[in-house]
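Notes follow the structure.
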2 protein chains.
Amino acid sequence: MTLADLPTPCALLDEARLAHNINRMQQRLNALGVRLRPHVKTAKCIAVAQRQRAAGACGITVSTLKEAEQFFAAGFDDILYAVCIAPPKLAAARALRERGCRLVVVVDSVAAAAAITGSGHAFEVLIEIDSDGHRAGVLPESALLLDIGRTLHEGGALLRGVMTHAGASYECRTPEALQAMAEQERSRCVRAADRLRAAGLPCPVVSVGSTPTALSAVHLQGVTEVRAGVYVFQDLVMAGVGVASRDEMALSVLATVIGHQEDKGWVLVDAGWMAMSRDRGTHDHAVDWGYGAVCREDGTPLGDYLMSGANQEHGIVTRRDGVVAADLATQFPIGTRLRILPNHACATAAQFSQYEVLAIDGSVQAWPRFNGW
Amino acid sequence: MTLADLPTPCALLDEARLAHNINRMQQRLNALGVRLRPHVKTAKCIAVAQRQRAAGACGITVSTLKEAEQFFAAGFDDILYAVCIAPPKLAAARALRERGCRLVVVVDSVAAAAAITGSGHAFEVLIEIDSDGHRAGVLPESALLLDIGRTLHEGGALLRGVMTHAGASYECRTPEALQAMAEQERSRCVRAADRLRAAGLPCPVVSVGSTPTALSAVHLQGVTEVRAGVYVFQDLVMAGVGVASRDEMALSVLATVIGHQEDKGWVLVDAGWMAMSRDRGTHDHAVDWGYGAVCREDGTPLGDYLMSGANQEHGIVTRRDGVVAADLATQFPIGTRLRILPNHACATAAQFSQYEVLAIDGSVQAWPRFNGW
């Protein structure tokens with residue numbers, strides 16, 4: 001198989017860029033003296049995670065129990081399930097642990113902590129810390145932090161520490177803001193760990209991370225591991241945040257031109273929102289890429305062109321400046337193939353069941369991914 | 001299986017509402033004297049299409065060749081592939097036809113028409129008409145229409161007629177605007193058919209449709225068939241357009257409460273954008289539902305609550321009025337299950353590999369769906 005053999009739309013993965021991204025993050029965190037626990041929710045692909053492990057990653061992070069089950073079946077046994085667990089999911093989590101998977105779960109409430117201690121199984125647990133007001137977690141200075149810690153520890157659960165995710169880093173736009181957010185994520189999570197320890201509670205693990213903060217932190221004192229996901233593919237959102245360059249974007253959607261509306265300057269392609277996803281993550285960026293940035297089939301960027309609109313199976317490619325090129329149908333004849341770089345690789349990848357992995361020698365092989373719960 | 005046994009998140013399908021929606025559309029088009037060719041891209045589910053056929057549907061519409069292949073394998077042999085075909089896909093289309101599938105393809109360019117006539121196979125073809133400036137198609141008054149018709153007919157293809165889709169109907173907000181758009185869709189497509197016939201070209205099929213226009217047309221003179229897709233599930237976008245009521249929405253995502261941020265009035269659930277999709281189709285409606293409208297587990301609407309934010313596996317449920325309820329954790333304790341009605345059923349359904357179909361007697365069975373290309 002080569003690029004020319006691929007039916008469209010498909011999810012094209014540039015193997016050299018993937019390898020670059022994996023090495024870049026691993027080397028950065030090696031230099032900072034912390035472990036990397038990649039978040040496999042981005043790729044949901046065994047072959048990708050194997051490359052992350054080979055580069056030095058220590059365990060994985062998952063966002064669903066299905067990910068835990070699939071990766072455990074593929075030989076990954078050190079897994080952090082980084083979404084606060086709903087009590088009805090404890091039975092499935094316990095079953096994984098009893099099969100030999102070192103699955104660590106997360107809570108941010110006394111209710112969930114009590115469900116864990118009441119389960120009759122000695123779960124390993126992290127407490128989620130809210131370091132940025134973005135989502136879940138308890139505040140590092142809260143009484144609740146110690147209440148949860150005591151509920152777990154005194155109830156027989158294995159309290160392993162704290163974790164946080166500074167999702168607000170996606171709103172940063174300057175290196176200074178990113179460094180400040182990374183320091184906020186680090187310092188608040190370390191503070192929570194210190195408070196647990198001061199209360200006599202165990203806290204060996206201090207886990208932080210997001211791709212923007214992981215690529216921006218100046219130091220990570222007190223942190224034991226970093227989690228990051230989308231760095232493995234990179235995308236237009238990460239470029240807008242300032243932590244990825246165009247030639248680091250490993251994932252694109254290969255599409256074929258199916259028509260034109262020449263009067264309007266539209267090129268229609270066979271990749272719509274079903275292929276790109278509905279993610280419009282750059283909508284509030286300085287450069288809004290619509291549904292994606294357009295490149296030639298060989299990957300050369302066509303800087304003037306973006307996917308400005310999308311229906312389920314139609315993408316509308318136009319010039320950013322609105323100029324209607326007179327020679328559109330000549331420039332992009334029907335059958336022309338284009339690569340579309342996505343806003344958000346996690347969302348776009350999820351629209352596909354496999355990656356078409358393009359090697360440096362031009363050969364292509366399929367790597368399966370999974371979806372669902 | 002009953003509702004209580006389902007793991008979350010999952011795609012819940014209310015069988016009675018599904019049956020209502022199928023019957024409503026079929027009876028309406030029966031009364032208007034035209035055939036219904038449902039667009040199966042919404043559900044991508046054999047069991048759903050079988051119910052549409054049993055109610056009187058005549059053939060199906062697909063948006064991908066994979067849909068054509070899957071539905072043909074399940075016994076559907078009258079299929080319109082309603083996206084302008086890319087010439088590289090002709091071989092797969094031909095293979096289906098040679099296996100006995102009456103697959104009709106669509107073009108809107110002389111280049112694609114020439115690729116069809118040059119293929120050596122007598123394809124059946126419709127010409128796509130642009131009735132609303134929304135997407136693909138040729139203008140009904142254009143010289144291009146006749147050029148394409150002659151290229152097909154004189155080149156040995158079987159010109160079957162014209163088709164259009166007034167996607168601009170999604171922008172309508174009043175019955176008057178919807179009726180006017182339905183009449184525009186009808187009259188422009190019929191006009192294109194008349195011009196082909198006046199030029200001595202065959203045009204037995206005049207195919208129009210979208211859910212909003214199909215549910216709004218006053219008459220359909222000159223039309224032979226109507227295509228519509230999302231009516232089968234209905235959703236918040238169709239409600240905002242004015243062609244669906246809340247108790248017609250057959251699809252929802254069942255979710256479990258996993259936490260709270262009480263100070264902010266947030267309830268966190270285990271359905272994020274991976275479950276709901278990134279579709280924000282109501283963002284410019286009079287009522288913006290965020291990522292979805294919240295109901296109790298039994299389907300009772302909680303009118304004050306919507307999913308105002310979403311991460312990959314986290315949904316943030318808040319009150320529309322911004323009031324921070326003092327008793328949030330009591331009102332929605334961890335483990336509480338909620339149904340979230342989606343903005344756009346086509347996009348949300350595509351995040352799942354099966355529907356959990358809830359019958360009137362409370363039993364649940366799984367109906368598989370497929371995704372991908």
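The values are calculated or read from the model by the stated rules, or taken from the named source; none is laboratory data. Worth saying up front: this structure is predicted, and the values here are computed from it rather than measured. Quick reminder, even Gly has a Cβ in these numbers, built from the backbone with ideal geometry, and neighbours come from all protein chains shown.
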* Could you count how many residues in segment A:335-368 are part of a loop (DSSP other than H, G, I, E, B), in contact (Cβ under 8 Å) with a residue 60 or more places away in the chain and either within 11 Å of another protein chain (Cβ to nearest Cβ) or buried (at least 22 other Cβ atoms within 10 Å of the Cβ) (or both)? -> 8
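Residues checked against (1) without any contact (Cβ under 8 Å) to a residue 24 or more places away in the chain; (2) more than 13 Å from chain B (Cβ to nearest Cβ); (3) not aliphatic (A, V, I, L, M):
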| position | (1), (2), (3) |
| --- | --- |
| A:Arg102 | no, yes, yes |
| A:Val106 | no, no, no |
| A:Gly118 | no, no, yes |
| A:Phe123 | no, yes, yes |
| A:Glu128 | no, no, yes |
| A:Pro140 | no, yes, yes |
| A:Leu144 | no, no, no |
| A:Ile148 | no, no, no |
* In segment A:21-73, what count of residues is obtained for those that are surrounded by fewer than 21 Cβ atoms within 10 Å (Cβ to Cβ) and assigned to a strand (DSSP E or B)? -> 1
* Failed condition for A:Arg97, given (1) touching a residue at least 12 places away in the same chain (Cβ under 8 Å); (2) within 20 Å of B:Thr256 (Cα to Cα) -> (2)
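Residue-by-condition table, conditions (1) at pLDDT 95 or above; (2) aliphatic (A, V, I, L, M); (3) in contact with a Ser or Thr (Cβ under 8 Å, 6 or more places away or on another chain); (4) buried (at least 24 other Cβ atoms within 10 Å of the Cβ):
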| position | (1), (2), (3), (4) |
| --- | --- |
| B:Met276 | yes, yes, yes, yes |
| B:His283 | yes, no, no, no |
| B:Val294 | yes, yes, no, yes |
| B:Pro301 | yes, no, no, no |
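Out of B:Trp373, B:Trp289, I need the residue that is in contact with a helix residue (DSSP H, G or I) (Cβ under 7 Å, 6 or more places away or on another chain) and over 30 Å from A:Tyr355 (Cα atoms). Which one?
The unique qualifying residue is B:Trp289.
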* Structure fact -> Residues of segment A:230-260 being surrounded by 24 or more Cβ atoms within 10 Å (Cβ to Cβ), touching a Gly at 6+ places or on another chain (Cβ under 9 Å), under 22 Å from A:Glu356 (Cβ atoms) and not β-branched (Val, Ile, Thr), in sequence order, are A:Asp235, A:Leu236, A:Ser252, A:Ala255
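Using the structure shown, decide if A:Ser252 is in contact with a strand residue (DSSP E or B) (Cβ under 9 Å, 6 or more places away or on another chain), more than 9 Å from chain B (Cβ to nearest Cβ) and among the hydroxyl-bearing types (Ser, Thr, Tyr).
Considered against the rule, which asks whether it is in contact with a strand residue (DSSP E or B) (Cβ under 9 Å, 6 or more places away or on another chain), more than 9 Å from chain B (Cβ to nearest Cβ) and among the hydroxyl-bearing types (Ser, Thr, Tyr), A:Ser252 comes out as yes.
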* **A:Gly265 being under 17 Å from A:Ala168 (Cα atoms), surrounded by fewer than 22 Cβ atoms within 10 Å (Cβ to Cβ) and more than 9 Å from chain B (Cβ to nearest Cβ)** => no
* Could you check, for segment A:96-111, whether at least one of its residues is of a type outside the set (S, T, N, Q), out of contact with any Asp or Glu (no Cβ under 9 Å at 6 or more places or on another chain) and buried (at least 24 other Cβ atoms within 10 Å of the Cβ)? => no
* Asked: Can you name the number of the only condition in (1) within 12 Å of chain B (Cβ to nearest Cβ); (2) part of a loop (DSSP other than H, G, I, E, B); (3) without any contact (Cβ under 8 Å) to a residue 40 or more places away in the chain that A:Thr330 fails?
  -> (2)
* **Test: residue in segment B:313-322 that is crowded, with 24+ Cβ neighbours inside 10 Å, at pLDDT 95 or above, more than 10 Å from every other protein chain (Cβ to nearest Cβ) and within 19 Å of A:Leu65 (Cα to Cα)** => yes
* Can you tell me how many residues in segment A:270-282 are over 21 Å from the mean Cα position of the chain (by Cα) and at the interface with chain B (Cβ under 9 Å from one of its Cβ atoms)? -> 2
* To do: Inspect segment A:193-208 for any residue being acidic (Asp, Glu), within 14 Å of chain B (Cβ to nearest Cβ) and either surrounded by fewer than 24 Cβ atoms within 10 Å (Cβ to Cβ) or under 23 Å from A:Thr300 (Cβ atoms) (or both) and give the result as yes or no.
  => no
* **Given (1) within 14 Å of another protein chain (Cβ to nearest Cβ); (2) part of a loop (DSSP other than H, G, I, E, B); (3) farther than 30 Å from A:Gly335 by Cα, index of the condition A:Thr8 fails** => (3)
* Failed item in (1) crowded, with 17+ Cβ neighbours inside 10 Å; (2) of a type in the set (Gly, Ala, Ser); (3) within 14 Å of chain B (Cβ to nearest Cβ); (4) touching a residue at least 24 places away in the same chain (Cβ under 8 Å), with A:Ser308 passing the rest -> (4)
